[in-house]
Every structure is written in C-alpha cells, then in structure tokens.
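J.: The structure that follows is given in the form of structure tokens.
Nothing in this text is a laboratory measurement; each read-out follows from the coordinates by a stated rule. Model, not experiment: these values are computed from the prediction. When we count neighbours, we look across all protein chains shown, and the Cβ atoms used for this are built from the backbone with ideal geometry, even at glycine.
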Amino acid sequence: MTDLNAILNHIPPLLLVVTRLGGLMIYGPVFGSNVIPVRLKAFLAFTIGVATYPLLSGKFSAGPELHLNIWTLGPLMAMEMLVGLIVGYLASLPLLAMQTGGLIMGQQMGLGFAQLYNPAIDDEADIVGQVLFFMAVAGFLAIGGHEMMVMAVLNSFERIPPGGFAVDLDFLGLLGGLLLSSLELALRVAAPVLAFVFLETIALGFLAKTVPQLNIMTLGFPIRIIAGLAIVIVGLVVIQDVAMEAVSETLNTVLHWADGGGP
C-alpha cells in the first residue's frame with residue numbers, strides 16, 4: 001500500500017510536465033503542424049514527459065502540494081499548457097516572419113492571386129511565402145530547433161515552477177524584442193524585391209509619359225514577375241543565411257530565458 005501511495009503521489013506532477021510539453025505540441029513549429037496526427041502528438045508529449053520527469057521531480061518538492069483532483073489540477077494544467085504554447089509561439093516567430101516576407105514579395109510581384117493550400121497552417125498561402133516558410137522549417141530542423149524547443153520547455157521549470165507563471169517585465173521584454181526582430185527579418189527578406197518594384201514603377205511611369213503608345217499594364221506585369229523571381233532566386237543563399245541566423249538567435253534567446261536568464 002505504501003508503494004502504491006508513493007506512485008500515486010507522482011502522478012499529479014507528471015501530468016503537469018506532460019501538459020506543459022503538450023502545449024508545445026499544439027503550437028510549436030513542426031510539432032504543431034496539422035499534418036501530424038493528434039494521437040502522435042499526445043504520445044510524444046507523454047513519452048518525453050515520462051522520460052524526463054525523474055530529472056524534474058525535485059522541482060516539485062518546493063512547490064504547492066498536489067493532489068489527484070480535477071478541481072486542483074485543472075487550473076494548474078491549463079497554466080502549464082499556456083507555458084508550452086508560449087514557448088512554441090516564440091520559437092515559431094522567425095518562421096512566420098519568413099512567410100510574411102515571402103507574402104510581401106509575392107503581393108508586390110503580382111502573385112497575390114496565385115495561392116496554394118498550406119496544410120501546415122490550414123489556410124491558403126502565397127507561393128513565395130510558402131517556399132520561404134518550408135525553407136525556414138528545413139533549416140529549423142537542420143540546426144536542431146525541435147530539440148532546443150523541448151529543452152526550453154523542460155528548462156522552463158527553472159524559471160517557472162508548476163502553477164507559477166506570471167506575466168512580468170522580463171517576459172514582456174522578451175516578447176516585444178522577438179516581435180520586433182521578426183518584423184525586421186520579414187522586411188530584410190522582402191527589401192530587395194520592394195526596392196526593385198519601386199524603381200520599376202518609377203521607370204515605367206517615365207516611360208509612359210515619354211512613349212504613350214506603349215501599353216504599360218501589359219508590359220509592366222511580366223517584367224515585374226520575371227525580374228522579381230530572378231531576384232528571389234539569386235538571393236536565396238543570402239536569405240537562407242539571414243533566416244538561419246534569426247532562427248538560431250531566437251531559439252538561443254528563448255532557451256536562455258527558460259533557463260532563468262534575462263530577456
């Protein structure tokens with residue numbers, strides 16, 4: 001009976017660990033994709049939680065006393081899932097920035113009507129944005145981003161004890177900094193095409209005034225699309241370097257914050 005009670009005492013904190021990992025499986029890059037079945041996500045969260053719980057069990061000794069009761073565990077599990085969701089959202093910001101930059105480029109090139117269904121986000125996506133998004137996901141996996149996300153969630157128990165999440169100045173600074181970095185990344189990715197479209201618009205305006213016989217609408221769209229795609233293809237190497245740098249910095253920042261460091 002004593003052994004059974006000891007085992008039952010470990011179930012509530014184990015559920016909190018699994019729930020925090022479950023939040024990552026809902027919204028984290030790759031893990032949160034709709035392509036992955038829900039059962040597989042639940043299995044991954046449970047397996048990783050059971051495997052890592054012995055290393056984290058000491059974090060629960062100083063926390064609140066936990067009982068296997070839905071009224072006690074319900075609010076705590078919801079808060080733990082929120083922590084996992086936040087880590088997944090922060091880690092996905094550079095990937096979403098790449099997609100936003102591609103969307104801006106596609107709209108400016110006149111490819112706004114050519115959209116495809118993206119099962120990863122369960123919505124339509126621009127062609128250029130989708131290409132850059134999948135390129136960023138490939139780089140994310142190449143540098144071990146999925147492992148760093150799991151480590152960030154597990155290390156977050158150093159900063160955020162079970163049921164102890166609160167929106168403080170450190171978190172607001174982290175969130176604001178990463179949002180600004182993501183906006184900067186999207187603009188840096190789209191800047192070459194935006195500059196070309198600006199110059200092309202001015203040139204066609206002068207051409208329309210000097211040679212009124214030309215059909216500028218017929219001439220301008222093919223030039224904009226062909227030249228815009230050429231700029232994107234030529235700049236893929238630079239875009240990849242910029243994206244990988246942003247992804248790496250974001251993951252390191254989230255991991256540092258989860259370890260208990262500053263934003």
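J.: If neighbour count is taken as other Cβ atoms inside 10 Å, put Val83, Val232 in order from fewest to most.
T.: The fewest-first ordering by Cβ neighbours comes to Val232, Val83.
J.: Suppose each label sits 7 Å from its Cα in the direction of the beta carbon; what would the Phe206-Asn252 distance come out to in nanometres?
T.: For Phe206 paired with Asn252, the spin-label model returns 4.4 nm.
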